[in-house]
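Everything below concerns the one structure shown next.
The values are calculated or read from the model by the stated rules, or taken from the named source; none is laboratory data. Since the structure is predicted, the reported quantities are computational estimates derived from the model, not experimental observations. Please note: Cβ atoms are built from the backbone with ideal geometry, for glycine as well, and neighbour counts cover all protein chains shown. When the accessible area is computed, the model is the full protein with side chains, heavy atoms only, and any ligands, DNA or RNA have been set aside. Shrake-Rupley method; radii C 1.70, N 1.55, O 1.52, S 1.80 Å.
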Amino acid sequence: MESDQKPAEMQYPLSERELEILKHLAKGRTAKMIAAALGISFRTVQFHADNMYWKLNVSGTDARNRAVKKAQSLGLID
């Protein structure tokens with residue numbers, strides 16, 4: 001268990017790819033922009049984002065913003 005990726009508040013740690021996508025989301029990038037930057041498909045970005053939202057226990061139309069805020073509060077991203 002890596003302490004910088006799995007705070008006590010999280011039951012499941014984020015994968016490296018999920019963290020990478022989360023950092024892009026925090027910079028305001030769209031899924032299309034992230035897909036192009038990482039050389040993966042738009043659907044793959046959505047897949048990882050959906051998993052990340054589940055692990056961070058956020059949902060709804062503003063899940064992206066909630067995920068970023070929660071990750072910041074947990075110290076996962078700056």
> Quick one: what pairs do we get from segment 62-78, first residue loosely packed, with under 14 Cβ neighbours inside 10 Å, second at pLDDT below 95 and not in a helix (DSSP H, G or I), C-beta under 8 Å, 6+ apart or different chains?
Replying inline: GLN72/ASP78; GLY75/ASP4; GLY75/PRO7
> Which pairs have Cβ atoms under 6 Å, sit 6 or more apart or on different chains, and link a residue in segment 35-55 that is closer than 22 Å to LYS70 by Cα to one that is among the aromatic types (Phe, Trp, Tyr)?
Replying inline: LYS55/TYR12
>> Here is a check on your reading of the model: is MET10 at pLDDT below 95, under 16 Å from GLY75 (Cα atoms) and open to solvent by less than 40 Å² (accessible area, probe 1.4 Å)?
In response: yes
>> Consider segment 21-54. How many of its residues are among the basic types (Lys, Arg) and either modelled with pLDDT under 95 or within 9 Å of the chain's Cα centre (by Cα) (or both)?
In response: 1
> What are the residues in segment 14-30 that are touching a residue at least 40 places away in the same chain (Cβ under 8 Å) and either open to solvent by 50 Å² or more (accessible area, probe 1.4 Å) or small (Gly, Ala, Ser) (or both), if any?
Replying inline: LYS23, ALA26
